[in-house]
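The block underneath contains the structure these notes are about, expressed in structure tokens.
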């Protein structure tokens, strides 16, 4: 099992639509496209200006071409199916996570990604994944939204 961050440049409503459909488009040029397998764990990251984690999920398929009856709610011709999807409200700010992962601000990789990610699929460590989950658990929820 691997851990990934799915980076989304767009509004939160579009992310929510994808998560509720339990589908995520993966471009043909994504570096980790062929490595994604069922059981991998992912975090959903909303790119600047939001700069926050808005959910998590588990992959229930490898990358595949969408079939017509699936009605993917985006424009990618291929992607993955998701299971165990959680939407987080409020989101987990990237700055809070970075401060936990690299409190001294000395890891150049972590600091370079503080402003955002260039790729749509980013491999992360289990420690980074678990740190985001820990921050999410500590974040006060809206009354209608459970922590997990």
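The values are calculated or read from the model by the stated rules, or taken from the named source; none is laboratory data. Because the structure is predicted, anything quoted here is derived from the model rather than measured. Methodologically, a virtual Cβ is constructed for each residue, glycine included, from the backbone with ideal geometry; neighbour enumeration extends over all protein chains shown.
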**Prompt:** Are any of the residues in region 90-101 in contact (Cβ under 8 Å) with a residue 40 or more places away in the chain, surrounded by fewer than 15 Cβ atoms within 10 Å (Cβ to Cβ) and within 20 Å of residue 137 (Cβ to Cβ)?
**Reply:** yes
**Prompt:** Is it the case that residue 73 is modelled with pLDDT under 95 and either assigned to a loop (DSSP other than H, G, I, E, B) or surrounded by fewer than 17 Cβ atoms within 10 Å (Cβ to Cβ) (or both)?
**Reply:** yes
**Message:** If I filter region 97-119 down to residues being within 18 Å of residue 6 (Cα to Cα) and either touching a helix residue (DSSP H, G or I) at 6+ places or on another chain (Cβ under 7 Å) or assigned to a strand (DSSP E or B) (or both), which single residue comes out as modelled with the lowest pLDDT?
**Reply:** 114
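For every residue, the table says whether it meets (1) touching a residue at least 40 places away in the same chain (Cβ under 8 Å); (2) surrounded by 16 or more Cβ atoms within 10 Å (Cβ to Cβ).
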site	(1), (2)
13	no, no
46	yes, yes
51	yes, yes
57	no, yes
